[in-house]
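Below is one structure; the comments refer to it alone.
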Amino acid sequence: MITNNRINDNTGYPVRIAANNIKDLIANVFTNNGKQAIEIMGERIIGDLNIGDIGLKRYDVVSDIITVYGDTTTAVKLTIDPGVEIRFAEMTGLQIGSGENKGILRAIGTDSDRIKFTSSMDVPVKGSWENIVFDDGAVDYDTATGVGTIMENCVVEYGGQSYNDENIYILNSSPKISKCEIKESRTNGIKINGSGNAIVSACTIGNNGSNGIYIMSGTSNPTISGNNISNNTGYGIWQGYTVTRPVISGNSISNNGSYPIRIFANSISGLNNDNIYTGNNPNLIELMGEGVYAGEITFQDIGIPYYINGSVNLSGRNDYAVRMTIEAGVEMRFKKGYGLGFNRSNETYPPELKAIGTALKPIKLTSVESVPARGDWFGLIFFGGNTNANSEMDYCIVEFGGSSSQNPGNIILDNYYGYYGSPQLNIKNSIIRYGKEHGIYSTGGNLTIDNSEVRDNDKYGIYNKSGGDICQITNSVMSGNGEYGVRIGANSVGKLGSNDISGNVKAGTWVLGGTITDEGIWEKNKTPFIVDGDININGSTDPKLTIEPGVELRFGISSRLTVNKGSLYAVGTTESIKFTSNAVPASEGNWDGIYFADGTVDSATVLDSCIVEYGGLNTNANLYFNLSSPTIRNSIISNSSKNG
């Protein structure tokens, strides 16, 4: 016990004492010593200890780590009073808890009288001392009662000397760090590792040698709110592992040397839209791509673009829905070779995309390159899945996608192998442009497009590889594309609706052969129709194919139009309807002609004011009637290989 002494005019410290014995310094007076501080030898604190004003508020730790812990049932508590300054020499620091052995730190300063943890060097540099460690045994802060480990109105600076090279290291624990200034670390201001739910709020975290906050690994769910995170050499906040689920809200993140935040896709829903980002280099959110298993993830409009560094892939689940929501105003910029994938699935809940923008706040999916080029990124791909999957895109802009021959478009519907049913996608009020090959590429799926533009793509606006499934396009523009505006299955042509398919390098609509099972009208404003393969009108409801006056159908080599079970109504006016060859120059027998089978609905089948020419490759006639009696009038049947 050292009490009621006057300790004056010494060249060094007035007292050198072990950490546990600080409590034995009572009612002493210290004046005019060479170092007006208490010299502390670090050790394990074995009983509750208060460090306060004992005539001096400065304590210099000159050796070892001060560790604070009891056992697995009883915690040892270290309380530090307002205004206290603890200076640490090299290789010294402070640790709260040890494994399962419990410890508590209560370091609560005031706005005017803060607690400081700093270097003992006369001219301190980053990494001058170790750090403050909250180990597993640090007793968690309880937000309801205020009990547990807390640092409030503290300054922590110049730490991060060795392995855990940051000012504050949080391992498997949940302290509260509030209203603190965390600065000048050798690397990170704060590192969070393992499990726990640490709270970092209303702090100023800046001028650190790497990141402001580094969320390392494990299953921690820290809350990071209301902080000013600025002027760090690296990121403002860096998430290093996907399993963590930080909640990041109300922060000002500015002037950092790299991105303001790096975060993984499964954690993105915790990034709120009330953070402010300015002057970071670059001022984008870096999103690390991965397989999404977190259920529903939401990209909020956060005021700056997302940089997508890695593909984000969603797969179906049997136990909960898997959905990506992209809010109005979001801009996603993709790194080369990456994109969004919605994987084939036979689970109860196949993956879905809900990307709903507005006219004033469209969603934009584009390249990250400063000078973007077609094919910079992968695009969006929707694989086959259960039919209850219903992805939607409204007021979206998708551009510069289609980075490989396997994914030749901004948007891809892939059901080539027929896995688990057809992918479904509804597109409205959107612009699909600058694709490496095509705007939209489909090997099969249920695609609906309304009031949209598919333009300025290298080859086709819309390219249907196999012609299967349903494609319904209405009130849309397909223009400026390097080949045709649309390549589509025969059964979908009648669902094209009121569209503008003009201004493409090749005029008209490319039609893949297939079976027409639904009634439809082939309209003049989409002519000519380039027919590739056999078209068969054949359905249980006797579908009727109507061809408008002025339409021209150009058939590829050996292609045929068959009326098997249904009807063909091709009635021209002063504008005739032409069935001809696509060959240049055309010659007799280029294509097979029109075949009317015995299932033809004769009363509804009429060819009037038509031209049928250059057919008869296999049928030896432009028109072949097999036990059928359609009406043919006012028409020109010419240049067949043999018979008219």
Taking the range 202-218 and keeping residues touching a Ser or Thr at 6+ places or on another chain (Cβ under 6 Å) and closer than 15 Å to Val156 by Cβ leaves Ala202, Gly206, Asn208, Gly209
Taking the range 261-292 and keeping residues in a strand (DSSP E or B), of a type outside the set (Asp, Glu) and more than 23 Å from Phe383 (Cβ to Cβ) leaves Ile261, Arg262, Ile263, Leu271, Ile276, Tyr277, Thr278, Ile285
Check: Going by the conditions given, is Phe134 out of contact with any Ser or Thr (no Cβ under 8 Å at 6 or more places or on another chain), in contact (Cβ under 8 Å) with a residue 40 or more places away in the chain and either open to solvent by less than 20 Å² (accessible area, probe 1.4 Å) or within 29 Å of Gly55 (Cα to Cα) (or both)?
Finding: no
When restricted to Tyr163, Tyr214, the only residue open to solvent by 40 Å² or more (accessible area, probe 1.4 Å), out of contact with any helix residue (DSSP H, G or I) (no Cβ under 8 Å at 6 or more places or on another chain), modelled with pLDDT under 95 and not β-branched (Val, Ile, Thr) is Tyr163
Considering residues that are of a type in the set (A, V, I, L, M, F, W, C), out of contact with any Cys (no Cβ under 9 Å at 6 or more places or on another chain) and open to solvent by less than 10 Å² (accessible area, probe 1.4 Å), the number found within the range 472-492 is 3
Checked against (1) touching a helix residue (DSSP H, G or I) at 6+ places or on another chain (Cβ under 8 Å); (2) more than 21 Å from Gly480 (Cα to Cα); (3) not hydroxyl-bearing (Ser, Thr, Tyr), Leu545 satisfies every condition except (1)
Expected single match for of a type in the set (Lys, Arg) and under 28 Å from Asp71 (Cβ atoms) among Lys176, Lys183, Lys126 is Lys176
Taking the range 217-238 and keeping only residues that are crowded, with 24+ Cβ neighbours inside 10 Å and modelled with pLDDT under 95, one is left with Ser220
query: Residues in the range 498-514: is at least one open to solvent by less than 10 Å² (accessible area, probe 1.4 Å), modelled with pLDDT of 95 or more and of a type in the set (S, T, N, Q)?
result: no
| task | Would you mind stating whether Ile356 is over 26 Å from Asp458 (Cβ atoms) and among the hydrophobic types (A, V, I, L, M, F, W, C)? | result | yes
Pairing a residue in the range 172-191 that is touching a residue at least 12 places away in the same chain (Cβ under 8 Å) and farther than 22 Å from Gly234 by Cα with any residue that is in a loop (DSSP other than H, G, I, E, B) and of a type in the set (Phe, Trp, Tyr), where Cβ atoms lie under 8 Å and the two sit 6 or more apart in sequence or on different chains, gives Ser174/Tyr141; Pro175/Tyr141; Lys176/Tyr141
How many residues of the range 528-540 are closer than 22 Å to Glu575 by Cα and either in contact (Cβ under 8 Å) with a residue 40 or more places away in the chain or in a strand (DSSP E or B) (or both)? The answer is 3
Quiz prompt | Hey, Arg186 over 16 Å from Asn228 (Cβ atoms), touching a Leu at 6+ places or on another chain (Cβ under 9 Å) and open to solvent by 40 Å² or more (accessible area, probe 1.4 Å) or not | solution = no
Filtering strands (runs of 3 or more DSSP E) wholly in the range 366-481 for at least 1 residues that are at pLDDT 95 or above, among the polar types (S, T, N, Q) and over 28 Å from Arg317 (Cα atoms) gives 477-479
Scanning the range 596-625 for residues that are more than 21 Å from Ala490 (Cα to Cα), surrounded by fewer than 20 Cβ atoms within 10 Å (Cβ to Cβ) and in contact with an Asp or Glu (Cβ under 9 Å, 6 or more places away or on another chain) gives Ser609, Asn618
*Within the range 583-595, is even one residue farther than 16 Å from Gly494 by Cβ, touching a residue at least 12 places away in the same chain (Cβ under 8 Å), among the polar types (S, T, N, Q) and in contact with a strand residue (DSSP E or B) (Cβ under 9 Å, 6 or more places away or on another chain)?*
yes
Note: among Leu49, Leu78, Leu56, just one is of a type in the set (A, V, I, L, M) and in contact (Cβ under 8 Å) with a residue 40 or more places away in the chain, namely Leu56
### Message
So, Asn525, is that one without any contact (Cβ under 8 Å) to a residue 40 or more places away in the chain, open to solvent by 40 Å² or more (accessible area, probe 1.4 Å) and not in a loop (DSSP other than H, G, I, E, B) or not?
### Response
yes
Within the range 293-308, of all residues that are assigned to a strand (DSSP E or B) and either aromatic (Phe, Trp, Tyr) or open to solvent by less than 10 Å² (accessible area, probe 1.4 Å) (or both), the one farthest from Ile397 (Cα to Cα) is Ile297
Pairs returned, first residue in the range 602-614 that is under 21 Å from Asp592 (Cβ atoms) and in a strand (DSSP E or B), second residue that is open to solvent by less than 20 Å² (accessible area, probe 1.4 Å) and among the aliphatic types (A, V, I, L, M), beta-carbon separation under 6 angstrom, 6 or more apart or interchain, are Leu607/Ala570; Cys610/Ala570; Cys610/Ile577
So the strands (runs of 3 or more DSSP E) completely within the range 27-130 holding 2 or more residues that are surrounded by 21 or more Cβ atoms within 10 Å (Cβ to Cβ) are 38-41, 58-63, 65-68, 76-80, 85-88, 93-96, 103-108, 115-119
Residue hits (the range 545-559; over 16 Å from Asn491 (Cβ atoms) and either assigned to a strand (DSSP E or B) or open to solvent by 10 Å² or more (accessible area, probe 1.4 Å) (or both)) are Glu548, Pro549, Gly550, Glu552, Arg554, Phe555, Gly556, Ile557, Ser558
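The values are calculated or read from the model by the stated rules, or taken from the named source; none is laboratory data. Values in this document were obtained by computation on a predicted structure and should not be read as measured data. Glycine also receives a Cβ, built like all others from the backbone with ideal geometry; neighbour counts cover every protein chain displayed. Only protein heavy atoms, including side chains, enter the accessible area calculation; ligands, DNA and RNA are left aside. Shrake-Rupley method; radii C 1.70, N 1.55, O 1.52, S 1.80 Å.
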